[in-house]
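Structure first, then comments.
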Amino acid sequence: MNEHLGNSANSLELISFEIGGQEFCIDIRAVKEIRGWTPATPMPQTPDYIHGVINLRGAIMPVIDLRGRLGLGRTEPSSRHVIVVIQDSQRAAGLLVDGVQETFHIDASLPQEPPAMGARSAERFVDAIIPLEGRMISRLVVTRLMPDLAEAA
């Protein structure tokens with residue numbers, strides 16, 4: 001399933017991962033690296049969805065519990081969990097996920113707008129649903145996953 005289309009202007013390259021049995025994906029261009037779970041140093045007065053900070057080759061960055069950020073509960077990290085390091089302009093963060101599944105190409109016309117269901121926080125993070133081989137993958141907006149500067153202040 002890795003190559004649904006060639007790498008063309010009309011295709012998107014995404015990386016998918018699992019959180020609590022659900023599939024999510026993000027644009028692969030936002031991913032800097034994927035690493036195994038590293039215990040994070042807790043920080044006082046941070047939102048519940050932030051596990052703490054890690055030092056990644058001299059850069060201190062927050063580790064976001066993606067399950068918690070999406071309102072799906074809290075992750076109790078173990079060695080089977082993975083941190084997906086993402087970058088949005090000047091900010092970097094680690095997303096704690098249950099596991100990375102695959103990278104894949106899709107036609108840019110395949111993602112569909114999620115239906116309005118009154119779930120404002122889900123709409124804030126999910127910008128498209130991708131029906132793919134009997135599965136439904138929610139595409140997340142990386143910039144919206146980052147901690148709000150107002151929340152962190």
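No value in this document is a laboratory result; all are computed from the given coordinates. No experiment lies behind these values; they were computed from the predicted model shown. Neighbour counts are summed over all protein chains in view; Cβ atoms, including those assigned to glycine, are modelled from backbone coordinates with ideal geometry.
Quick look at the values:
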| item | result |
| --- | --- |
| The chain: relative contact order as a whole-number percent, Cα under 8 Å and 6+ apart | 28 percent |
| Identified option (computed semi-axes √(5λ) of the Cα gyration tensor in Å; candidates [x] 36, 21, 13; [y] 26, 17, 15; [z] 37, 15, 13) | [y] |
| Cut-off 13 Å between beta-carbons: net charge of the residues surrounding G21, Lys and Arg +1, Asp and Glu -1 | -1 |
| Relative contact order (%) - criterion: Cα under 8 Å, at least six apart; region: the range 59-113 | 35 percent |
